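What follows is a short report on a single structure.
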């Protein structure tokens, strides 16, 4: 932030940068919900992150019963890895990822797909 202005700095000399440089993912609205499409560079960046097992532990950390907490961590770990596999596959094929979010109430499925860019 510079005063009341949000400033984004893009290093155009970064090795591996993909043009065009896009600041945010593309969001498309449908009658059933919305879809977020990540660019090639965003897909590659997410794909190279370490597995987010720690995020699963944090998400489930406030559950009081250890049995429920363990089940939550196991389920979150599986779901996170499924999504990471989509990002890794897309990055390996030079594609992008689209994540669909239906308007249906939870536990409506959130689906990630490998798509052409």
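Using 0.36 nm times the number of residues separating residue 14 and residue 79, minus their current alpha carbon distance, what extension gain do you get?
Length gained, residue 14 through residue 79: 20.2 nm.
Express in nm, to one decimal, how much length is gained between residue 6 and residue 93 on full extension, taking 0.36 nm for each residue of separation and deducting their alpha carbon distance.
Difference between extended and current length: 27.9 nm.
In what sequence, highest mean first, do 4-16, 35-47, 65-77, 83-95 appear when ranked by Cβ atoms within 10 angstrom?
Going from most to least packed, we get 35-47, 83-95, 65-77, 4-16.
What full-extension length gain, to one decimal in nm, is calculated for residue 101 and residue 32 as 0.36 nm per residue of separation minus the Cα-Cα distance?
24.0 nm
Read the figures in this text as sums done on the coordinates, not as results from a lab. None of these values were measured; they are calculated from a predicted model. Counting neighbours? That spans all protein chains shown, and the Cβs are built from the backbone with ideal geometry, glycine included.
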